[in-house]
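A short reminder: the numbers here are calculations on the coordinates, not readings from a lab. Every value quoted in this text rests on a predicted model; they were computed, and no experiment measured them. Reconstructed Cβ throughout: ideal geometry from the backbone, glycine too, with neighbour counts over all protein chains shown.
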Amino acid sequence: MAERVIPLVQHRVLAPRATVPVERLALQDQLQDTRGRLLRDLRISVTDRCNFRCSYCMPKEVFDSEHAYLPHAALLSFEEIARLARVFVQQGVQKIRLTGGEPLLRKNLEALVAQLAPLKTPEGRPLDLTLTTNGTLLARKARQLREAGLKRVTVSLDALDDRVFRRMNDVDFPVAEVLRGIDAAQAAGLGPIKVNMVVKRGTNDHEIVPMARHFRGSGVVLRFIEYMDVGASNGWRMDEVLPGAEVIQRLRSEWPMVALPSTAAGETAQRWGYADAFGRHDPGLGEIGLINSVTQAFCGDCNRARLSTDGAVYTCLFATVGHDLRSLVRGDERHPAGTDADLAAAIRHLWLHRSDRYSEIRGTVPHRPPAAARRIEMSYIGG
Ligand code: SAM
Ligand code: SF4
Ligand code: SF4
């Protein structure tokens with residue numbers, strides 16, 4: 001059988017180069033991993049920097065003035081990102097989320113959005129193109145992003161209480177400015193807007209009901225995220241995780257709510273709608289989402305790949321090893337730059353061999369892995 005060598009140089013950890021039987025790749029048109037999961041969702045981290053120091057993501061003690069961020073030359077250019085995105089879309093990706101770090105810190109991000117917006121799936125459908133941001137620069141940028149072709153945004157906001165919020169972002173940033181960003185995004189037509197709230201027991205769980213009250217009936221979908229053990233620096237403890245089941249219990253003690261069906265395969269959030277007097281969902285009051293990534297693993301239909309700021313692909317948020325595509329895009333001292341067909345073959349190879357299911361086996365692996373197998377930080381591969 002003819003075989004073809006694909007130069008997959010693993011990021012940070014060197015691994016043998018992969019050998020891919022070309023026939024097998026060509027025959028399988030619906031790309032499935034070893035667990036039958038399709039490749040549908042690509043998260044692209046456009047910067048590893050952030051202007052916040054959320055303790056659950058980039059704690060100050062670790063991400064201080066000594067921290068080595070990626071040099072500019074290591075970052076994928078917008079043209080390189082757009083080229084890779086095009087190849088990913090040819091391989092089945094239908095949704096792209098720009099993230100980081102804080103994506104709006106990347107200069108002229110709207111130029112990247114303008115390159116991604118025209119991409120179409122092989123069936124001719126437009127991409128679902130979105131962005132996750134801490135909202136600090138949204139009031140300034142919302143209109144330009146919309147004009148460049150962005151469809152919608154997700155804004156992270158962990159509390160309405162200004163003191164709690166300033167403490168959680170750890171740079172004393174006021175909540176009013178993020179709310180102004182959300183308003184600007186709504187006015188620019190970047191809806192339906194989602195707001196992500198990471199819930200930490202004892203830190204901001206008393207903000208669950210006030211946050212729900214604020215966004216109920218506003219057209220914004222508030223999503224409660226269980227605090228995750230992602231990366232290797234946030235000092236995660238299980239007793240700080242407030243299960244989504246407890247969130248919904250607290251909300252139901254305030255308002256009648258009904259469970260809603262999921263809208264898409266691989267959807268991470270469980271949906272609950274505010275009900276009317278007859279117990280039926282009232283769309284005018286809206287809905288909330290529960291992202292129970294710790295207590296209810298959703299690896300079973302996880303269709304997400306992540307592209308790091310410097311061009312490595314990670315097939316799981318909890319991966320310790322990524323696969324370098326940048327050297328294939330640019331070429332290096334040992335290999336010439338690859339063609340689009342080479343990139344496609346590398347992506348197919350990665351996905352075909354994917355077996356990740358960290359959340360399903362969380363309890364059986366050491367929370368603090370040895371240094372050589374350190375999990376990658378979320379600010380580097382994107383949320
Ligand atoms: N800076 C942007 C932001 O905060 O929206 C985008 C990047 S951030 C890594 C993406 C999402 O990951 C945010 O909604 C954030 O709240 C979430 N996140 C970060 N660390 C987390 C953790 N340890 N557990 C759960 N969610 C986390
Ligand atoms: Fe920055 Fe977002 Fe991480 Fe907070 S969650 S530190 S805003 S990247
Ligand atoms: Fe997907 Fe990995 Fe999260 Fe499971 S743990 S849902 S495989 S990213």
*asked:* Please compute, for the alpha-carbon atoms of the range 232-383, the extent along each of the three principal axes and give them in descending order in Å.
replied: 68, 35, 23
_Ratio of alpha-carbon Rg to the 2.2 N^0.38 Å globular estimate for the range 255-303, to two decimals, please._
1.28
*With 25 Å as the limit, write out which pairs from K120/K151; K141/K194; K151/K200; K95/K200 have Cα-Cα distances beyond it, or answer none.*
K151/K200; K95/K200
*asked:* Can you give me the orientation-averaged projected area of the convex hull built on the Cα atoms of the range 270-327, in nm²?
replied: 6.4 nm²
*Provide, as a two-decimal number, the C-alpha radius of gyration of the range 65-195 over 2.2 N^0.38 Å, N being how many residues it has.*
1.14
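Rounding to the nearest 20 debye, state how big the charge dipole of the range 85-217 is about its Cα centre with +1 on each Lys and Arg Cβ and -1 on each Asp and Glu Cβ.
360 debye
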_For M378, net neighbour charge (Lys/Arg +1, Asp/Glu -1) across residues whose Cβ lies under 11 Å away_ = 0
*Would you mind calculating the relative contact order of the chain from Cα pairs under 8 angstrom and at least 6 residues apart, reporting the percent as a whole number?*
22 percent
_For the chain, take every pair of Cα atoms, bin their distances at 10 Å starting from 0, and report each bin as a whole percent._
5, 23, 33, 26, 10, 2, 0
*Using the Kirkwood radius over Cα pairs, work out the Stokes-Einstein diffusion coefficient for the range 34-109 at 4 °C and 1.567 mPa s, in µm²/s as a whole number.*
90 µm²/s
_√(5λ) per eigenvalue of the Cα gyration tensor, the range 187-236, largest first, Å_ = 25, 15, 6
*Binned at 5 Å from 0, what are the whole-percent values of the Cα-Cα distance distribution for the range 314-368, short to long?*
4, 17, 21, 19, 14, 10, 7, 7, 1
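Diagonalise the Cα gyration tensor of the range 230-285 and give the resulting equivalent ellipsoid semi-axes, square root of 5 times each eigenvalue, largest first, whole Å.
29, 16, 7
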_Among T263, T133, T99: highest mean-square fluctuation, GNM of the chain, C-alpha pairs under 10 Å_ = T263
